[in-house]
Amino acid sequence: MNNVTSLAIDLAKNVFQLHGTNAAGKVILKKKVVRSKLLETIINMPSCNIYMEACGSANYWGRKFEEMEHKVKLINPKYVKPYVKRNKNDMNDAAGIAAAARDPDMRFCAVKSEAQQDMQSLHRIRSLLIQQRTALVNQIRGLLAEYGIAIPQGISKVRNYLAEIAGDTKKLSIVLIECLNMLYDNLNNLDEKISFYDKRINILFKGNEVYKCLATIPGIGKLGATILGSALGNGSSFKNGRHFAAFLGLVPRQHSSGSKERLLGISKGGDTYIRTLLIHGARAVLLWLGKKTDNQSNWLRDLIARRGSNKAAVALANRMARTAWALVRGNCDYDPNYKPTPTKTV
């Protein structure tokens, strides 16, 4: 194992497959390691490049291996699949990771820090609670509709109605009121939990200058700034702003051949949650165009006239993502009247 310069690891829950090669690319290590022995095995190896699929637990193991002075690179599982030969098993998967790592055009992911994962966990839990609250409100609407009661749109309308009918047996039966009171308690409980995570995100937002800088971009509030900051890190994982926008699925899909180019709708790859926040934020910006005269507002008005508001919202979301990368990478402030310097063609 002393001659291993590149090590591919197929991650699993209990048994990990190692695939090591030397400087000449020759396979010199094929080994299965149980979870309890993995760190011990890696720490006894000389510093090398470690490659893993960017899947569950990859960031945790990546941080552990980096502490041992190894260089860790993660690969999107979709990019590994074409390199897996014949049948799928742990040994072939590890060999596929090693083959993908040797591709000179391969794109790698950076290992997320614990702070980045903490912020993303807060957002994921908050999003789950909001989904549960929406499902609960829809359930209440459906139950009341069976009794001829139609509640206007809005969670607050449902909340106010449940508060009013508590104990009122003239309109509804005792059995249904007991059920609705229990659902009302669940709704209040979800509201409290969502409020807790909102406050927690707000505290982390106030203590981070990068988040505050990102929040100055129109359409990116505290939620957008915190999740974008956690996804970007220092921005070094992405070659430029367009690569970050492509990572979020905000660039067109292509189905081109020869001299005929076909650009389709956006690819919708990457993180759906971040892409949704950006597009909703872009729609909010469009609502407030008014009589603004900055460069972006003028561009948006022309774009809406040519392509419509929906495409303009997606185009603005793309620009927001690219601007966020530029601010993080360049450590600068947002300028609404900034004009990029045109490049000269030779």
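The values are calculated or read from the model by the stated rules, or taken from the named source; none is laboratory data. Note that the coordinates shown come from a computational prediction; the quantities given were computed from them, not determined experimentally. Cβ coordinates were reconstructed from backbone atoms using ideal geometry, including for glycine residues, and neighbour counts include every protein chain displayed. Just so you know, the surface numbers come from the protein's heavy atoms only, side chains and all, with ligands and any DNA or RNA stripped out. Shrake-Rupley method; radii C 1.70, N 1.55, O 1.52, S 1.80 Å.
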Qualifying positions in segment 192-215 - part of a helix (DSSP H, G or I), within 19 Å of residue 331 (Cβ to Cβ) and either of a type in the set (Ser, Thr, Tyr) or open to solvent by less than 60 Å² (accessible area, probe 1.4 Å) (or both) | 205, 211, 213, 214
For segment 54-73, which residues satisfy the criterion of being small (Gly, Ala, Ser) and on the phi > 0 side of the Ramachandran plot?
-> 57
For residues in segment 110-124 being under 13 Å from the mean Cα position of the chain (by Cα) and hydrophobic (A, V, I, L, M, F, W, C), which is nearest to residue 50 (Cα to Cα)?
-> 119
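Check whether at least one residue in segment 240-257 is over 22 Å from residue 130 (Cβ atoms), assigned to a loop (DSSP other than H, G, I, E, B), open to solvent by less than 30 Å² (accessible area, probe 1.4 Å) and modelled with pLDDT under 90, and report yes or no. Walk me through how you get there before you give the answer.
So in segment 240-257, the residues over 22 Å from residue 130 (Cβ atoms) come out as 240-247, 250-257.
Among the residues that remain, those that are also assigned to a loop (DSSP other than H, G, I, E, B) are: 240, 250-251, 255-256.
Right, trim to open to solvent by less than 30 Å² (accessible area, probe 1.4 Å) and you get 250-251.
Now restrict to residues that are modelled with pLDDT under 90: 251.
Within segment 240-257 (the criterion being over 22 Å from residue 130 (Cβ atoms), assigned to a loop (DSSP other than H, G, I, E, B), open to solvent by less than 30 Å² (accessible area, probe 1.4 Å) and modelled with pLDDT under 90), the answer is yes, since at least one residue qualifies.
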In segment 31-83, the residues that are more than 18 Å from residue 95 (Cβ to Cβ) and of a type in the set (D, E, K, R) = 35, 37, 40, 63, 64, 66, 67, 69, 71
Positions within segment 28-68 being part of a strand (DSSP E or B) and either aromatic (Phe, Trp, Tyr) or free of Cβ contacts under 8 Å to residues at least 60 places away in the same chain (or both), in sequence order | 28, 29, 31, 32, 33, 34, 49, 50, 51, 52, 53
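So, residue 85, is that one in contact with a helix residue (DSSP H, G or I) (Cβ under 9 Å, 6 or more places away or on another chain), exposed (fewer than 14 other Cβ atoms within 10 Å of the Cβ) and not in a helix (DSSP H, G or I) or not?
yes
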Restricting segment 88-111 to residues that are out of contact with any Ser or Thr (no Cβ under 9 Å at 6 or more places or on another chain) and not in a helix (DSSP H, G or I), which is surrounded by the most Cβ atoms within 10 Å (Cβ to Cβ)?
-> 111
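Of these, 128, 122, 143, 136, which one is free of Cβ contacts under 8 Å to residues at least 12 places away in the same chain, aliphatic (A, V, I, L, M) and part of a helix (DSSP H, G or I)?
Values: 122 fails: free of Cβ contacts under 8 Å to residues at least 12 places away in the same chain; 143 fails: free of Cβ contacts under 8 Å to residues at least 12 places away in the same chain; 136 fails: free of Cβ contacts under 8 Å to residues at least 12 places away in the same chain.
Result of the check over 128, 122, 143, 136: 128.
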State whether one or more residues within segment 115-133 are in contact with a His (Cβ under 9 Å, 6 or more places away or on another chain) and open to solvent by 70 Å² or more (accessible area, probe 1.4 Å).
-> no
Scan segment 26-44 residue by residue and report those that are open to solvent by less than 80 Å² (accessible area, probe 1.4 Å) and more than 21 Å from residue 99 (Cα to Cα).
-> 34, 38, 39, 41
Does segment 216-234 hold any residues that are surrounded by 22 or more Cβ atoms within 10 Å (Cβ to Cβ), of a type outside the set (A, V, I, L, M) and outside any helix (DSSP H, G or I), and which are they?
-> 219
Tell me which residues, restricted to segment 260-292, are of a type in the set (Gly, Ala, Ser), modelled with pLDDT of 85 or more and closer than 15 Å to residue 324 by Cβ.
-> 281, 282
Based on what the data block shows, is residue 293 open to solvent by 20 Å² or more (accessible area, probe 1.4 Å) and not in a loop (DSSP other than H, G, I, E, B)?
-> no
Quick check: is even one residue across segment 154-174 part of a loop (DSSP other than H, G, I, E, B), open to solvent by 60 Å² or more (accessible area, probe 1.4 Å), modelled with pLDDT of 90 or more and not charged (D, E, K, R)?
-> no
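Applying the selection to segment 263-312, what residues are among the basic types (Lys, Arg) and in contact (Cβ under 8 Å) with a residue 12 or more places away in the chain?
268, 275, 283, 301
Residues that are touching a residue at least 24 places away in the same chain (Cβ under 8 Å), polar (S, T, N, Q) and assigned to a strand (DSSP E or B): does segment 4-15 have at least one?
Let us first name the residues in segment 4-15 that are touching a residue at least 24 places away in the same chain (Cβ under 8 Å), namely 4-12, 15.
Then keep just the ones that are polar (S, T, N, Q); that gives 5-6.
From what's left, assigned to a strand (DSSP E or B): 6.
Yes, segment 4-15 contains a residue that is touching a residue at least 24 places away in the same chain (Cβ under 8 Å), polar (S, T, N, Q) and assigned to a strand (DSSP E or B).
Every residue in segment 69-82 that is basic (Lys, Arg), part of a helix (DSSP H, G or I) and touching a residue at least 12 places away in the same chain (Cβ under 8 Å), please. Break it down into steps so the answer makes sense when it comes.
The initial filter retains those residues of segment 69-82 that are basic (Lys, Arg), namely 71, 73, 78, 81.
Of the ones still in play, those that are also part of a helix (DSSP H, G or I) are 78, 81.
Passing the criteria: only 81.
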